[in-house]
1. If you wrap a convex hull around the alpha carbons of the stretch 88-146, what volume per residue comes out, as a whole number of Å³?
2. Rounded if a/c is under 1.5, else prolate if a/b is larger than b/c, else oblate: which is the stretch 340-407, with a ≥ b ≥ c the root eigenvalues of its Cα gyration tensor?
3. Sort 219-231, 414-426 by packing, meaning the average of other beta carbons within 10 Å per residue, with the highest value first.
4. Per residue, how much accessible surface does the stretch 185-296 expose to a 1.4 Å probe? Answer in Å², no decimals.
5. Which shape class applies to the stretch 198-280: rounded if a/c is under 1.5, otherwise prolate when a/b exceeds b/c and oblate if not, where a ≥ b ≥ c are the square roots of the Cα gyration tensor eigenvalues?
6. What is the local net charge at Thr149, summed over the other residues whose Cβ is closer than 12 Å to its Cβ (Lys, Arg +1; Asp, Glu -1)?
7. Nearest 5 percent is fine: what portion of the DSSP beta bridges confined to the chain is antiparallel?
8. Can you show me the helix-derived [θ] at 222 nm for the chain, built from DSSP H runs with n ≥ 4 at -39,500 (n - 2.57) apiece and divided by the number of residues, rounded to the nearest 500.
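The values are calculated or read from the model by the stated rules, or taken from the named source; none is laboratory data. The structure displayed is predicted, hence computed values, not measured ones. FYI the Cβ positions are ideal-geometry reconstructions off the backbone, even for glycines, and counts take in every protein chain you see. For accessibility, only protein heavy atoms count, side chains too; no ligands or nucleic acids. Shrake-Rupley method; radii C 1.70, N 1.55, O 1.52, S 1.80 Å.
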Amino acid sequence: MDALIKMTARQAVAALKARDVSPGELIDAAEKRIAEVEPKVNALPTLCLDRARAMAGTLEHPETPPPGYLYGLPIAIKDLVDVAGVRCTQGSRVFADRIAPRSDYSVERLEARGALVIAKSNTPEFGAGAQTFNDVFGTTTNPWNTALTPAGSSGGAAAALASGEVWLADGSDLGGSLRTPASFTGVVGLRPSPGRVAWGPRALPFDTLSVLGPMGRNVGDVALMLDAQSGLDPRDPLSLPAPDRSFVDSVDHAMSLGRLPSRFAGGCRVGWTADLGLTPVDPEVVEACSQAVKRVEKLGAQVGTDVPDFTGAEDCFQVLRAANFAASIWPKIQGKTDLVKPDVIWNAEKGLKLSGPELADARRVQGVIYNSVSAFFERHDFLLLPTAVAPAFDHRQRYLEEVAGRRFDTYISWLVLQFAITLTGTPAISIPCGFTRSGRPIGLQVVARPRGEAELLAFCAVLEAELGLSGRVPLDPIVGQP
């Protein structure tokens, strides 16, 4: 594997800044790596290398760069997000030949911060479902075992990172689409607070359930990309100003101190739950996460089992998600449902049939859950739980149908540990914490108070160093059996 590919994003950016390596050399290294591994993983089906090389020729090298400036680092953008002049299919035959006329706000900011988009990452149709397959580009596989899924909907991004095709990738997250792929592939995925990453134009600009966020091979790289993504954009009504202190600085400060961040004089306080009281979880996942929590205690944190009440989270999320599909997806597919997978049609039609009382009750339950979470964070710094109920599964399965004796009713029900957190608007991250006996990665989900990305990244950087797993990627894809 090329030495450039093995660099972390922060190392590569430092080399670019010092002019020890050029953007063109990194593009060439990525192109070579993509050619080597794509036949096995199918993570980046659309390339735009010539566009990236042309942009590299106009790239600025500022003496006083903004936080997160990337100096020509090649990145991947999810195939739900527009890049001007590049094919954007949203994983659907409805848009199979569409060329984006302009870039998403998020892409404009990344390119203004020195990113070079070299590829679009694969996603399930309209990002629906946590298994990355579609009728346009086919199935993306997991580099740890190509018979398995990398999850979704940011599965292409996760597989590309784990196999060393790019150094950073964006993702989106509604019901766990950043976090689940990170868990399944041994990388890091951050779902930030709504508005932390401005994006659009979109059909529902006031929606707080869907967000864009960074994915990387380690916590420091994710902090770097979040710096590049963050900042106020008047075109996004939810967008937040960038913090006064960069996320990278917050990570580096915590690492220099070598201790977990906390708002409390007595030290870091965390709550731990294996299931949020909502679902059975695979025993190997529980064991790996439990061992990680013991390492948190070793670092000096007070760990308790006092956690928020998430009663009603699944029904609440299913209703709100369906309403979003009715508003944002149905107009795209109406009259074209013969081109669309049944899961998407079902979800949109469910939304069209919702009653006023159903929507009102879902909003009420969401408020009750948020108030419980808010009270929790008055007493704690972080909430810890498994990222997903199970590790990676056979990529021929459309979704996980059962775990630990529970049958899941819908194609998204198995994502309850992720979408319950979505309802709260709190930032959440998945970091690698262990492996199953068969070598499948397992992620620990860490949740912080609203807009607490800086402390969340700082906590996870210290824990990541303690766990010592970030160096396991990138890896050569392993052709395996389910």
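1. 115
2. oblate
3. By packing density, highest mean first, the sequence is 219-231, 414-426.
4. That works out to 36 Å² for each residue.
5. Here the stretch 198-280 falls in the oblate category.
6. In short, +2.
7. 70
8. -11000 deg cm²/dmol
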